[in-house]
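First the structure, in the form of structure tokens, and then the observations on it.
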Amino acid sequence: MNTIHRLGRSLTAWIFLVTWVLMMSCLVILGSFVMRKLRAIAEEVGRRSLVTFVVQTADYLNEQFLSVERTALRTLVSDPVIQCEIDFQSPPKGYTPFTMYTYVNRLLTQVQRNHDELIDTVMLLLDNGMEFVDASHQLAPYRPIDQPYEWFVQHTFYNTTPVWISEQPPADWLFDDHRPRFFVSQWLESTPSDAIVVIGIKPEYVRTVMESVSTGRDADLAVLDEDGRWLTGLAPPAPLSAPLKAVVTRVGADGIVSTPSGSLVVAVASIPLNGWKIISWITPDKLAGGATYNLRGWMFAAFGWGSVASLFVAFLFSWMITRPMRRLTEAMSLVERGDFSVRLDARLGWYEFRVLAQGFDRLVDEVHRLLEQTKLQEEEKRQLEFAALQAQINPHFLYNTLDSIYWMAYARGERDIEQLVYAIGRFLRLSLSDPREFLTLREELEHVQRYVEIQNIRFQGRIRVELDADPEVLEVLVPKLTLQPLVENSIIHGFADRSEGRIAIRARRAGESYVEIEVEDDGRPNRAMVSGSHTERSGMGLKNLVRRLELYFGPAFTFDIQTTNSGTWVRLRLPCGRTNGSSSSD
């Protein structure tokens, strides 16, 4: 379960999965498109093949029907004995009326037997009711003598050219066997009698021809006459008869069309000799059935190989993409364990990852530098604190000593010494006894005043301190002993050879986040104080102050000092994020 969970959160697994899904989707879409195109091509090939098949069948039957006209029918029409029989002429030499009758019947029988696979019946019908028929058939009895002649005359329309008849005569008077037949007939005009030569075609022969040419096909074949009547062949199901008939009457001589519902594809070809039509119908799924089956097999094989290839490509792609990220992850793990010597510039090849690696290298360098700087600052701070601890005097011992001096001066009436000792005691209590690192600006100003009181004992009250602080900054916290070193520096260096002096202290806000404190005196300018950077300025107190403020506030702290002919001006700019209300824990 943990392995599955890790895989679910792995970028490599997600890239592999997404790439594989996209490739498989493209493969399925492309395969479907190719399958549809190939199926359409196969269907088109099947349609053309079906039309060719029907046209060839029609051409073959046309040749067979034409052979009947050219051989059997022409033989009968041109025979001189038959002409004599029709015209009631004298029999040719060597013939009697009986032998002529026998000869005609025998000739009809011979013609039928010569084309036995195709011709079913051969008849000669005269307008006077005389009938001749081949020996294998006999006309049905009990009928009016002129019925067959009149029926065939109606269909030949006195044409002296062959006429193909698809309509069946009444079965009760033509033949006893009642079998369906096709007929080709020709009217023979003569005097004093007219006659019709009739040849019956076997429908089963036509079916045999269609079955032989349709071997191996799923299409069904049928023959229709010029009026759309079904002559022979497989009849369609009843629901399809009307759509097929509509399609056959709409399509041209040779062509292919679909039924309105699209359930069948119908190919039509005409027999030129008689205008009959050969039709073949098939369902669209069978039209390209074999090709579709083969295509489906090839597509499944291609899909299987494509799936394997997509797995390989997805794995290769995900590995190529995530390899730099794995190296980056390994490098980050080493950095977490404290190894800052890791570099990735030469190990990642992609442009984007090279940029990321360069940023990572810069980040590692910066973190390393900051850690080293922090270590140095902590070491420096520790040394400063250690020096401060070494310089400390036991406060109780100092307070007790000053208290003894104070009472001795009081007992002897030394008021100046008394005031000096009192002021020193208050100053030292604020400097040594208060454990806080930050004081309010109000307390820092009070500490400065105590310091000036002590110095005024020396200068006999001739040092003036002018305070100008905005009330809103008096509660801002500042590091302890921030102003006292500045005032001390002014007194020591500015008023060393003077009998009086003025020190102005101003404090105000600078924006929302800073407070500016200015200390200005009118003492003698000290050029050594501004000869270099502020960390190299004269006076250990001033250098200690600047360094302490840098450690406390970093780059947010600024320090400026200027000297003119009228004195020295110092400006401190400190962050005012702390106030007395928020420093109760300090």
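The values are calculated or read from the model by the stated rules, or taken from the named source; none is laboratory data. This is a predicted model, so every value here is computed, not measured. Neighbour counts run over all protein chains shown; Cβ positions are idealised from the backbone, glycine included. To get the accessible areas, we keep the full protein, side chains included, count just its heavy atoms, and leave off ligands, DNA and RNA. Shrake-Rupley method; radii C 1.70, N 1.55, O 1.52, S 1.80 Å.
In this structure, is residue 28 over 14 Å from residue 132 (Cβ atoms), at pLDDT below 80, exposed (fewer than 14 other Cβ atoms within 10 Å of the Cβ) and of a type outside the set (Gly, Ala, Ser)? Against the criterion (over 14 Å from residue 132 (Cβ atoms), at pLDDT below 80, exposed (fewer than 14 other Cβ atoms within 10 Å of the Cβ) and of a type outside the set (Gly, Ala, Ser)), residue 28 qualifies. Residues that are open to solvent by less than 60 Å² (accessible area, probe 1.4 Å) and basic (Lys, Arg) were ranked within the stretch 456-505; the one that is nearest to residue 562 (Cα to Cα) is 502. Could we say that residue 450 is touching a strand residue (DSSP E or B) at 6+ places or on another chain (Cβ under 8 Å), basic (Lys, Arg) and under 26 Å from residue 568 (Cβ atoms) here? It is false that residue 450 is touching a strand residue (DSSP E or B) at 6+ places or on another chain (Cβ under 8 Å), basic (Lys, Arg) and under 26 Å from residue 568 (Cβ atoms). Residue 199 meets each of the listed conditions (1) surrounded by 17 or more Cβ atoms within 10 Å (Cβ to Cβ); (2) at pLDDT below 85 apart from (2). Of all residue pairs spaced 6 or more apart or on separate chains, those with beta-carbon atoms under 6 Å, a first member in the stretch 28-54 that is under 18 Å from residue 265 (Cα atoms) and a second member that is assigned to a helix (DSSP H, G or I) and open to solvent by 40 Å² or more (accessible area, probe 1.4 Å) are 42/291.
Counting only strands (runs of 3 or more DSSP E) that sit wholly inside the stretch 415-513, those with at least 2 residues that are under 29 Å from residue 525 (Cα atoms) are 463-469, 477-479, 501-510. Restricting attention to the stretch 56-83, the residues that are without any contact (Cβ under 8 Å) to a residue 40 or more places away in the chain and either surrounded by 18 or more Cβ atoms within 10 Å (Cβ to Cβ) or outside any helix (DSSP H, G or I) (or both) total 1.
Inspection of the stretch 41-55 identifies at least one residue that is under 30 Å from residue 184 (Cα atoms), open to solvent by less than 50 Å² (accessible area, probe 1.4 Å), of a type outside the set (Val, Ile, Thr) and more than 33 Å from the chain's Cα centre (by Cα).
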